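Before any comments, here is the structure.
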Amino acid sequence: MKLFNSLKTGKTRTSSGTGERSEQHPADHHSLDCSSGVCYFKPPRPAPEDEQQSPSPREHDRVAYATSLATLTFKVAELERQVASLQAGTRLQSISETNSPGANPGSQDLTQADGLAETSAKDDIVPMTATRMVMHQIVLPADVDMLGICSGGQVLSWIDICAGLAAKTVARGPVVTASLDAVHFLKPCRLGSVVIIAAMVNRTFTSSMEVGVRVEEEELKTGVRHHCCSAYLTFVAVKSHGSGQLPRVLPSTGAFQENYESAERRRAARLQRRHELKSNPAATVPRLQPITHREGSRTLPPALQMDARSPRSLRQRVSPSATLSHMTQLIMPQHANSLAITFGGQVMRWMEQCAYIAASRVGRGGYLLTGSMDSIAFAQPTRVGDILFITAQVTGIFGSSMEVMVSVCGENPTVGEIFHCGDAYVTVVSVDEHGGPVDVPFELAALDPHDIKRCAQAAERRQQRLEMRRNLQVTQLSRPSLDGRRQSLGSQEGFRLQQRLTSNQSQVMDAEEVGRTLAEDPGCSC
């Protein structure tokens with residue numbers, strides 16, 4: 001009876017007879033063994049390999065059918081994705097064609113463009129307005145000079161950060177600054193004002209993209225805004241895996257069609273300049289070399305002082321090498337991005353500071369302002385732990401303005417080899433406390449062959465900058481903002497600028513006119 005009850009509950013003694021019970025079920029075994037006086041279930045013996053049955057042909061057909069079905073499902077999904085991408089591109093193109101470049105975009109176009117941002121998020125097309133990035137910065141005492149004007153290097157650093165954030169919205173990954181087109185500071189950013197930096201991706205290429213940036217200053221007391229400067233930067237996406245192809249950025253309204261088309265022309269001009277420099281090495285200006293790892297160079301240049309006995313109208317002749325300035329920076333983590341590559345804006349800030357020091361050697365008696373920085377292409381990046389050598393030298397003096405050449409080199413301390421990073425020219429203007437121009441009391445007398453070659457083309461480069469500055473003032477009246485609307489200038493500022501641009505005078509604005517404009521209007525500098 002006890003045996004029968006144990007069979008019903010599925011609990012029996014083990015073969016060891018220890019009194020322990022195990023959870024077993026009769027249905028899981030094929031035989032019952034009671035030969036030892038205690039009944040227990042006997043597990044089935046596995047069949048030999050030669051007696052095991054092989055899968056039937058029907059089972060093979062079922063597996064093959066399931067595999068084919070999964071493959072076809074994947075292909076259909078891929079085709080649907082491509083069709084959706086083409087449809088989104090057609091919609092974006094139709095919006096661009098229906099809006100004339102001269103008209104202001106309506107709210108319907110902007111709403112439709114915003115809606116495309118959601119439908120194109122999973123595709124390879126991004127509306128241009130979906131890449132916008134805006135930053136507001138307050139000009140603090142640490143950012144300004146003795147006149148209360150924000151330094152150009154600080155503005156360039158803000159420009160690089162804002163443009164890099166806009167580029168990341170398209171790349172969806174790390175990006176590095178490859179180049180910066182020439183930047184002309186049309187108006188200063190003063191202490192206590194709000195600086196508005198707005199960036200937008202104009203066009204993407206295979207692995208690079210152009211980002212346009214507009215900087216405006218807003219006065220806290222009056223709310224008046226001034227256009228300070230504009231910039232175009234090239235960023236390269238760094239892909240850790242997969243293809244480096246960037247999604248296409250298309251103009252979502254007709255007002256941005258010109259930005260989209262001109263980006264291709266600017267890219268062609270950059271590539272043309274690079275090709276000319278490589279094909280004609282003789283035309284390359286000798287770079288400035290850092291003082292380290294060299295023998296025979298002076299540690300400190302002689303201090304330049306004005307001769308009180310000579311008239312102010314007579315300029316003292318000095319060698320360009322007497323204006324040399326050196327900066328050495330150790331790249332720290334706060335100077336680099338997530339890839340430990342130095343921010344391009346940080347490098348440009350140091351370059352502007354070094355140029356300021358070189359210009360101060362001859363700009364005695366006045367306050368110095370940065371007027372412009374020519375285009376710069378970063379040949380090789382620096383990383384955290386590297387040493388950055390920045391060298392600057394005055395290569396031209398024109399009344400109250402100076403051209404300063406800046407060369408940047410890097411070094412990996414573990415290797416000990418110095419490599420070239422980039423070169424640029426910075427224009428510095430000398431003014432008094434009221435903004436009036438102050439003539440530089442020195443003139444350059446180049447004797448070294450390298451100095452002669454550096455200074456030979458300074459006048460030609462100056463004319464190119466003045467012409468570029470004039471073109472920027474012309475486009476300032478008609479260029480749309482990031483919202484596609486035309487800019488509106490103040491009555492006094494607009495009248496004065498329009499009068500200068502429509503006059504028959506062929507003379508463009510020089511540093512002296514910059515100082516006069518500052519003196520007439522402390523909030524304006526052209």
Inspect the stretch 436-444 for any residue being farther than 19 Å from ALA283 by Cα, in contact with a strand residue (DSSP E or B) (Cβ under 9 Å, 6 or more places away or on another chain), open to solvent by less than 10 Å² (accessible area, probe 1.4 Å) and in a strand (DSSP E or B) and give the result as yes or no. yes
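A quick yes/no check of all residues on (1) at pLDDT 95 or above; (2) within 30 Å of THR253 (Cβ to Cβ); (3) charged (D, E, K, R):
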site: MET128; (1), (2), (3): no, yes, no
site: LEU147; (1), (2), (3): no, no, no
site: VAL155; (1), (2), (3): yes, yes, no
site: ILE159; (1), (2), (3): yes, yes, no
site: LYS168; (1), (2), (3): no, yes, yes
Restricting the search to the stretch 205-237, which residues are of a type in the set (Phe, Trp, Tyr) and under 18 Å from VAL474 (Cα atoms)? TYR232
Residue that is open to solvent by 20 Å² or more (accessible area, probe 1.4 Å) and either over 19 Å from MET468 (Cα atoms) or of a type in the set (A, V, I, L, M) (or both), where the choices are LEU191, LEU186: LEU191
Which numbered condition in (1) in a helix (DSSP H, G or I); (2) touching a residue at least 60 places away in the same chain (Cβ under 8 Å) is the only one that LEU165 fails? (2)
Candidates LEU250, LEU271, LEU233, LEU288, filtered to the one that is among the hydrophobic types (A, V, I, L, M, F, W, C) and over 25 Å from the mean Cα position of the chain (by Cα): LEU288
Out of all the residues in the stretch 222-240, is one or more over 25 Å from VAL175 (Cβ atoms), touching a helix residue (DSSP H, G or I) at 6+ places or on another chain (Cβ under 8 Å) and hydrophobic (A, V, I, L, M, F, W, C)? no
Among the numbered conditions (1) over 22 Å from ILE341 (Cα atoms); (2) at pLDDT 95 or above, tell me where ILE390 comes up short. (1)
Looking across the stretch 134-166 at residues that are under 13 Å from the mean Cα position of the chain (by Cα) and open to solvent by 50 Å² or more (accessible area, probe 1.4 Å), the single one that is nearest to ILE357 (Cα to Cα) is ILE161
Those residues that are surrounded by fewer than 22 Cβ atoms within 10 Å (Cβ to Cβ) and not in a helix (DSSP H, G or I), I need them from the stretch 168-178; list them, please. ARG172, GLY173, PRO174, VAL176, ALA178
Members of the stretch 372-400 that are open to solvent by less than 10 Å² (accessible area, probe 1.4 Å) and assigned to a strand (DSSP E or B): SER372, MET373, ILE376, LEU388, ILE390, THR391, ALA392, GLN393, VAL394, THR395, GLY396
If GLN289 satisfies all but one of (1) assigned to a loop (DSSP other than H, G, I, E, B); (2) open to solvent by less than 50 Å² (accessible area, probe 1.4 Å); (3) at pLDDT 85 or above, what's the number of the condition it fails? (2)
For the stretch 394-410, which positions are within 26 Å of the chain's Cα centre (by Cα) and in contact (Cβ under 8 Å) with a residue 40 or more places away in the chain? GLU403, VAL404, MET405, VAL406, SER407, VAL408, CYS409
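The values are calculated or read from the model by the stated rules, or taken from the named source; none is laboratory data. Nothing here was measured: the structure is a model prediction, and the numbers come from that model. Because the Cβ atoms are built from the backbone with ideal geometry, glycine has one as well, and the counts that use them run over all protein chains shown. Ligands, DNA and RNA are excluded from the accessible area calculation, which covers all protein heavy atoms including side chains. Shrake-Rupley method; radii C 1.70, N 1.55, O 1.52, S 1.80 Å.
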